[in-house]
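Chemist: Sending over a structure as structure tokens; questions will come in a sec.
The values are calculated or read from the model by the stated rules, or taken from the named source; none is laboratory data. Everything numeric in this text was worked out from a predicted model, so none of it was measured. Note that we place each Cβ from the backbone using ideal geometry, even for glycine, and neighbour counts take in every protein chain shown. Ligands, DNA and RNA are excluded from the accessible area calculation, which covers all protein heavy atoms including side chains. Shrake-Rupley method; radii C 1.70, N 1.55, O 1.52, S 1.80 Å.
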Amino acid sequence: VAVQLAGEAVRYDPKNYAAHELFARTLLANKELDRAAQEAQLLQSAAPGRAEGPILAALVAASRNEIAGATKLFEKALAADRTSIEALSGLVQLDLAYGKASQAKGRVQAVLARDPKNSRAHMLSAAVAAAQGDKAGVEQSLRAAADSDPSSLDAYLGLGRLYVSENRLPEAQKEFEAVAAQQPKSVAANTFVAMAMQVQGKTSDAQKRYEQ
């Protein structure tokens, strides 16, 4: 149904770039790689200076396990738009999957050198540090992500999980509470807080959290 609706949007307005991008992403999600590749090529031809076309072509190539081609396309996208986290994330994921953590780290550091407050880039930096077994680097990057964007729930959750793994439970509780403060109705956040309390022997407080 989603493919049909996206296709109808393209047929209704064939010059609508956003409609073609949505159609390509829908085809990709539906594993219709040949048709997605055609749409990606159309996007690249229609707007060669934009990042969306190369990104979609890269995602198709990666789905076909064409790693070298996917890497070049993601690099092309990042050259077109140096702020594209999707392109950067694609490159980092490929690098990490093929044991090129140092290369991934270099890519992320290049973005952070230009934009040190880029929370999503800091999250990618944390992923690279985790792949390298650098727990201090993970913590530093997650903290930078949270400081750069206080609404980044993933950063606080990441810190909380890291502290739990290191048995730093009061610190874990603090990070989980930061998430719960932003999303008071979040079952996951309150459950994490309660678990941290329970392990610390705060049974009564933990029970109250479980009941929220």
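Chemist: How charged is the neighbourhood of Ala97? Take every other residue with its Cβ under 15 Å from the Cβ of Ala97, and add Lys/Arg as +1 and Asp/Glu as -1.
Modeler: Working: positive: Arg64, Lys100, Lys105, Arg107; negative: Glu66, Asp95.
Once all neighbours under 15 Å are counted, the net charge is +2.
Chemist: Rounded if a/c is under 1.5, else prolate if a/b is larger than b/c, else oblate: which is segment 62-151, with a ≥ b ≥ c the root eigenvalues of its Cα gyration tensor? List each step's numbers first, then the result.
Modeler: Details: a/c = 2.34, a/b = 1.40, b/c = 1.67.
The shape class here is oblate.
Chemist: Is there a quick way to get the dipole size of segment 80-157? I mean about its Cα centre, with the Cβ of Lys and Arg at +1 and of Asp and Glu at -1; what is the value in debye to the nearest 20?
Modeler: Numbers: 9 positive and 9 negative charges, 43 e Å.
So the dipole magnitude of segment 80-157 works out to roughly 200 debye.
Chemist: Compare the Cα positions of Ala113, Phe176, Pro150 along the charge dipole of segment 100-212 (+1 at Cβ of Lys, Arg; -1 at Cβ of Asp, Glu; about the Cα centre) and return the one farthest towards the positive end.
Modeler: Ala113
Chemist: What lysines could a cross-link reach from Lys76, if we take a straight Cα to Cα line under 30 Å and drop same-chain neighbours fewer than 8 places away?
Modeler: Lys15, Lys31, Lys100, Lys105, Lys117
Chemist: A follow-up question, please. I'd like the accessible area for Thr83, computed on protein heavy atoms only with a 1.4 Å probe and all protein chains in place. Round to 10 Å², please.
Modeler: That residue has around 100 Å² of solvent-accessible surface.
Chemist: About the Cα centre of segment 56-191, what is the dipole size in debye to 20, counting +1 per Lys and Arg Cβ and -1 per Asp and Glu Cβ, all else neutral? Don't skip to the end; give the middle numbers.
Modeler: Details: 16 positive and 15 negative charges, 52 e Å.
Dipole about the Cα centre, nearest 20: 260 debye.
Chemist: Here's a follow-up. Summing +1 for each Lys or Arg and -1 for each Asp or Glu, what net charge is found among the other residues whose Cβ lies under 10 Å from the Cβ of Ala58? Spell out each step's value before the answer.
Modeler: Values: positive: Lys72, Lys76; negative: Glu66, Glu75, Glu86.
Neighbourhood net charge equals -1.
Chemist: While we're here: For segment 20-140, what does the accessible surface come to per residue with a 1.4 Å probe? Please give it in Å². Could you put the intermediate results ahead of the total?
Modeler: On the way: 6120 Å² over 121 residues.
Roughly 51 Å² per residue, with all protein chains present.
Chemist: Quick one, which of (i) 56; (ii) 60; (iii) 52 is the actual percent of Cα pairs over 22 Å apart calculated for this model?
Modeler: Read-out from the structure maps to (ii).
Chemist: What full-extension length gain, to one decimal in nm, is calculated for Asn167 and Asn16 as 0.36 nm per residue of separation minus the Cα-Cα distance?
Modeler: 49.1 nm
Chemist: Work out the length of the dipole vector of segment 139-212 about its Cα centre, built from +1 on the beta-carbon of each Lys and Arg and -1 on the beta-carbon of each Asp and Glu, and round it to the nearest 20 debye. Don't jump to the answer; show the numbers that get you there.
Modeler: Numbers: 8 positive and 10 negative charges, 53 e Å.
For this selection, approximately 260 debye.
Chemist: Assuming 0.36 nm per residue, please report the length gained on full extension of the stretch Asp147 to Gln198 beyond their Cα-Cα distance. Could the numbers behind the result be given before it?
Modeler: Working: separation 51, 0.36 × 51 = 18.36 nm, distance 2.78 nm.
Length difference between fully extended and current span is 15.6 nm.
Chemist: Right, another one. Can you list which of the GluC sites (Glu not before Pro) found in segment 52-143 are DSSP loop residues with at most 10 other C-beta atoms within 10 Å? Intermediate values should be presented prior to the final figure.
Modeler: Values: sites: Glu52, Glu66, Glu75, Glu86, Glu139; in loops: Glu66.
Taking segment 52-143 and a limit of 10 other Cβ atoms within 10 Å, no loop GluC sites (Glu not before Pro) are found.
Chemist: Let me know the shape class of segment 149-212, please: from the alpha-carbon gyration tensor, a ≥ b ≥ c as square roots of the eigenvalues, rounded when a/c is under 1.5, otherwise prolate if a/b is greater than b/c, or oblate.
Modeler: Details: a/c = 2.51, a/b = 1.18, b/c = 2.13.
Here segment 149-212 falls in the oblate category.
Chemist: Now for a different question. Grab the beta carbon distance between Gln103 and Ser186, set R0 = 41 Å, and tell me the FRET efficiency rounded to 0.05. Can you show the working numbers first?
Modeler: On the way: r = 36 Å, r/R0 = 0.88.
My answer for the efficiency is 0.70.
Chemist: Roughly speaking, what is the stretch gain from Ser63 to Gln4, that is 0.36 nm per residue apart minus the C-alpha to C-alpha distance, in nm to one decimal? Mind dumping the intermediate values first?
Modeler: Numbers: separation 59, 0.36 × 59 = 21.24 nm, distance 2.17 nm.
Working it through step by step, the gained length comes to 19.1 nm.
Chemist: Among Thr71, Asn30, Ser45, whose Cα projects farthest towards the positive end of the dipole of the chain, with charges put on the beta-carbon of Lys, Arg (+1) and Asp, Glu (-1)?
Modeler: So the residue furthest toward the plus end is Thr71.
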